[in-house]
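Here the structure is laid out as structure tokens; the discussion comes afterwards.
Taken together, the values in this text are just the output of simple stated rules run on the coordinates, not laboratory data. As the structure is a prediction and not an experimental result, all values here were calculated from the model. Reconstructed Cβ throughout: ideal geometry from the backbone, glycine too, with neighbour counts over all protein chains shown.
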Amino acid sequence: MEEATNSSIQVLRESSADKENVSSFEPPNKKIKTNDSHADSKIKLEDRLCGILCCAVCLDLPKTCYQCSNGHLMCAGCFNHLLADARIKDETATCPNCRCEINRNICIRNLAVEKAVSELPTECPFCNQRLPRYLLENHQKEQCQERPSVCRYSRIGCPWQGPCRELAQHEETCAYPHKSAEEVMAALEVIDTRKQEEQKVYREIFSLLSFEKITFNDLQLRPFRTDDFITRLYYETSRFSAFNQQWVIRARINSDHKNPIHTINRTLSYQLVAKTKLSSPMSLHFLALSGPFGGIDMKSKIYNFEFTTENAETEYEDLPIEASECDKLLAAKTINLRLVMFQVTK
Ligand SMILES: [Zn+2]
Ligand SMILES: [Zn+2]
Ligand SMILES: [Zn+2]
Ligand SMILES: [Zn+2]
């Protein structure tokens, strides 16, 4: 499996290496172009630019663009993915085009490409209108007549959905504003249940904040490797103290996979380990947050565990982040997070 991946990368590299060779012979290349100008002019300038400005990995036009020291372009997502990949395989990350080393210090943003890309036309997926990329977001949110809309009375149960241009007409004839309170009660209950579900985690956090014993630590997880046949990358913090005990956090990638190199959707999970012997059982709630040095988008998920002398390690629990955020974490040298711990006192 790994060999297959390598060889496909090889093919990619070779074909792009060929391209490089061609472009280094400037004069014949230019001659070919003048001979071919008729064929070339048939392809629109914007399509030719798309071919030039696209990410070397995913071929999409990059919104945030990085370049290798030889100028090959990568979108931010692929750049992070390449760095994360190299971290997992314990290799030096390289540019998929020219194989030169890439990392956060070497590779710089290319604002000219980002600005040029923002000017290139794209199509609105709702109305198929062509417009510059930098206008798309606003168009989809506020101007597009075909954008999906819901009735303003959806909150009291109107199920109508349709394109924005039909919205005004629907709302004029919508029956929901004339329904009785009795009739809209069911819809309100559905909304209440959903809202309560959303608020559950926050209420839980607030009630934990009233605990007598609370502590937080800003932790740095450093990468380590096991010396198994297939080496695994894992992360660990130094010991830190909380509630008169010593602890560490361990994290690993895709707990459910034997070899996380072969997965695209990466996940991180972590466990809390008590390093000192507990004199009596200790029940804790704990919660990982992005913290002041984390810089990633993390949801809130609270776990709890009863630590005893025999049971000093929690399960590996999910770190509630998206795969792209996971790549960001793996691409960096260390993972920073804040761990908040709440002790249940009886
Ligand atoms: Zn890309
Ligand atoms: Zn390169
Ligand atoms: Zn549109
Ligand atoms: Zn309606």
Keeping to the range 136-164, report how many residues are more than 9 Å from ligand 3 (Cβ to nearest atom) and part of a loop (DSSP other than H, G, I, E, B).
-> 7
If a residue has to be in a loop (DSSP other than H, G, I, E, B) and closer than 19 Å to S207 by Cα to count, how many in the range 275-313 make the cut?
-> 3
Looking across the range 166-192 at residues that are surrounded by 10 or more Cβ atoms within 10 Å (Cβ to Cβ), farther than 30 Å from C127 by Cβ and not aliphatic (A, V, I, L, M), the single one that is nearest to ligand 4 (Cβ to nearest atom) is K179
Somewhere in the range 144-154, is a residue within 16 Å of ligand 1 (Cβ to nearest atom) and closer than 30 Å to C65 by Cβ?
-> no
